[in-house]
1. Out of the residues in the range B:379-388 that are in a loop (DSSP other than H, G, I, E, B) and under 16 Å from B:Gly16 (Cα atoms), state the one that is farthest from the other protein chains (Cβ to nearest Cβ).
2. Mind telling me which of the residues B:Arg291, B:Arg348, B:Arg298, B:Arg336 ends up being among the charged types (D, E, K, R), more than 27 Å from A:Leu290 (Cβ to Cβ) and either crowded, with 24+ Cβ neighbours inside 10 Å or in the same structural domain as B:Ala130 (by TED's automatic domain parsing) (or both)?
3. Scan (1) out of contact with any Gly (no Cβ under 8 Å at 6 or more places or on another chain); (2) closer than 22 Å to B:Val176 by Cβ; (3) within 12 Å of another protein chain (Cβ to nearest Cβ) for the single condition B:His74 breaks and write down its number.
4. Could you check the range A:274-288 and list, in sequence order, the residues that are surrounded by 24 or more Cβ atoms within 10 Å (Cβ to Cβ) and of a type in the set (S, T, N, Q)?
5. Considering only the range B:275-289, how many residues are part of a loop (DSSP other than H, G, I, E, B) and more than 19 Å from B:Asp208 (Cβ to Cβ)?
6. Going residue by residue through the range A:198-219, is there one that turns out to be assigned to a helix (DSSP H, G or I) and closer than 13 Å to A:Gly172 by Cβ?
7. Report the residue count in the range B:195-216 for those that are under 15 Å from B:Lys138 (Cα atoms) and in contact with a Phe, Trp or Tyr (Cβ under 9 Å, 6 or more places away or on another chain).
8. Looking only at the range A:274-297, count every residue that is among the small types (Gly, Ala, Ser) and away from every other protein chain (no Cβ under 14 Å) and tell me the total.
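The values are calculated or read from the model by the stated rules, or taken from the named source; none is laboratory data. Everything quoted here is computed from the prediction, not taken from an experiment. All Cβ positions, glycine included, derive from the backbone under ideal geometry; neighbour counts span all protein chains shown.
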Protein chains: 2
Amino acid sequence: MIDGPMTAAALFHGTGRLFDAAFGGVSAVQSPWAILVEDGRVAWVGTSPQDAPRDAEPVDLGTALVTPGLVDSHTHPVFAGDRADEAASRHTGVAYSGGGILRTMRHTRAANDEELELLVERRLDAALAAGTTTVECKSGYGLSTAEELRALHLLGRVAARHPVRVVRTLLGAHAVPPEATSADAHVLTVCDEMIPAAAAGALATFVDVFCDRGFFTVAHVERIAAAAADHGLGLRLHADQLARTGAAEAGARLGAASVDHLEQLDAAGVDVLAASPTVATLLPAPAIVLRDTLPPARALLDAGATVALASDANAGTFSGWGAMPLVIGLGVTLLRMSAAEALTAATRGAAHALDLAGHAGTLAVGANADLVAWDAVHEGAFGLTLGRVTSRRVFVAGREVTPG
Amino acid sequence: MIDGPMTAAALFHGTGRLFDAAFGGVSAVQSPWAILVEDGRVAWVGTSPQDAPRDAEPVDLGTALVTPGLVDSHTHPVFAGDRADEAASRHTGVAYSGGGILRTMRHTRAANDEELELLVERRLDAALAAGTTTVECKSGYGLSTAEELRALHLLGRVAARHPVRVVRTLLGAHAVPPEATSADAHVLTVCDEMIPAAAAGALATFVDVFCDRGFFTVAHVERIAAAAADHGLGLRLHADQLARTGAAEAGARLGAASVDHLEQLDAAGVDVLAASPTVATLLPAPAIVLRDTLPPARALLDAGATVALASDANAGTFSGWGAMPLVIGLGVTLLRMSAAEALTAATRGAAHALDLAGHAGTLAVGANADLVAWDAVHEGAFGLTLGRVTSRRVFVAGREVTPG
């Protein structure tokens, strides 16, 4: 990795396309362009380095397409084990007994901290190599209080030494572990043990719930949301993936930052999300791995909802790390978004979903100077290559962190 | 690149899964496994290196999933220029005037040999890094006799120094160039100039025709097929992509090795291909980039047709290089193939499509010892990760050619 010095100031510039979702409206492209970075943040944006208000070390990004660092607002990186055999069974229509989240829970509980940290670190390396500079990371494969807190602590240790910005989410309510007597009892553990401990240790920003058929109910979400609010943690939900439970509306009503999945969302749900600040986060990769319905991306965009695209990289339903360029490609092709809409969803939209609007996913003045120069000249490349666009240079807070 | 010595003999072995489409039936998996390689070919296959009929240098591939090198039987790598802007326009529903194949023809004609060779070489590097050891490469962006022959010569020069096995195809009938007075006149040039020159110089194995609405007709295919046969060149077709022209049946009737695309194929066409030795080659990547119908993969497989999966990497409708793992992932998810069917289609099926059955895409005795150890333990990983499976070690003719 090129691990550049933290310079006091740098003047990035190029003659290619600078795509930034923040230049008014949905998106805008500027060419040529120049950005002054001071103390890791964007201090000025213009069309020529000559116009910059102050002198600074120049960084010429040539003719490359430049975007804000991508934001992946939904991942589950803390797990051990491999479930490719189970995926192969599912794809031949054969049920795999003993599979699912609890199989990964067993593998994860059996792994020591060192093994798990190495796995998480490699997954963040893959994200960074794919131009993704902010990644939401969930616990959720530990499921006991001790194991969930272990996952959050471990994420904190990796984040402290990794260039990627990590946003931590407690997903204690991912499944009911075998030692719990019921889903209700597990929700009590989440509310009375996990949330207070995560908040007291500043181990998470958000609490998430897998609200779906066979997992947790909207009533469970209400209890967990109340505990999260009591402890100053934000809310986000797995919503309306397997069945239409009304989780999307519950999320909007309870002030969730984001409701994620939405494969089963109907027109009424679209209207509720369009009228709410809650972000609609779409995850096309697991939708196709599960051969499921695709979420109503066009309807959400046309109704004016704020839409994010995220990978949902996880153990069982999509295990692709560093997949955000592919996810943008799937957004353009399968979800019928324009290149600008999909790239906006993977930057500004995803930052909104993490309560980081204005800080990440944009190169507006005041934002973190997280930017990527791509091996491409036009944002249409994400669709045309189905995400086989590689990052040429990656910067986080103005510092070069290009892998390789 | 690790460019190992050509050893007289090597004994590959592992305790993971060896997936080989050739172990009888559609596919089979063996674990543990051992393969004796002599003079670049598979000499013996068994379950333990101890059983090998002769001693040889051992190569331990551990617990990794091992497959034959992937075969990409449909690519267009000889071009310059970038059409990502055009893709972005198409994805917003705006027609791009002056785009298409002729735009790439202008860029390609304007590029010198050195530029074009470097582009082709990088594209083959990406294929090799993605475990793809045999690649069919078409001309088709030159369109004049001189430019088409230049492309085939150039492919020959790159192939001579690149580890990937290259199969060359003359695609003079890709579009009608501006200097031709009509499609009929261009077909005459293909038949009377290009095919004889390509055959005389041993510059191509196959001739291909873009038989579709707005391009070339079945009548044109018949003329070109006759010229190809006269000169000892094989036939393959772009068939039934944009409209149902009957090209698939024409290919079967004329003895084409493969008919490719087939998005518009109907039940009658499925039956014809199932009863013929012509391979049905499916290209899911451009189908989704064009937001088109998907080809009837399940119907073809269920009817007993030989199916291949290929990338169709090209300038305008899918520009992903090294995309075969993704294509297998799209086969499993969007085309509803099993992992074994998709991997078989990308190895044995694609080798059939190139008249290389028994030589490539298999590790049966007598085949070229082209094999890949993947960063995966089960072939289900191709679907579960949508192709984000990386090659750990790659061998061509028993020689290590691992990139990196």
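1. Initial filter on the range B:379-388 (in a loop (DSSP other than H, G, I, E, B)): B:379-380, B:385-388.
If we keep only those that are under 16 Å from B:Gly16 (Cα atoms) too, we end up with B:379-380.
Numbers: B:Glu379: 6, B:Gly380: 3 Å.
Only one residue fits best here, namely B:Glu379.
2. Numbers: B:Arg291 fails: more than 27 Å from A:Leu290 (Cβ to Cβ); B:Arg298 fails: more than 27 Å from A:Leu290 (Cβ to Cβ); B:Arg336 fails: more than 27 Å from A:Leu290 (Cβ to Cβ).
None of the others qualify; the one that does is B:Arg348.
3. Result: B:His74 fails condition (3) only.
4. Correct list: A:Thr278, A:Thr281.
5. Going through the range B:275-289, the residues part of a loop (DSSP other than H, G, I, E, B) turn out to be B:275-278, B:283.
With the extra rule that they be more than 19 Å from B:Asp208 (Cβ to Cβ), the set shrinks to B:275.
Selection size over the range B:275-289: 1.
6. Yes: the range A:198-219 contains one or more residues that are assigned to a helix (DSSP H, G or I) and closer than 13 Å to A:Gly172 by Cβ.
7. The number of residues fulfilling the criteria is 2.
8. The qualifying residues number 4.
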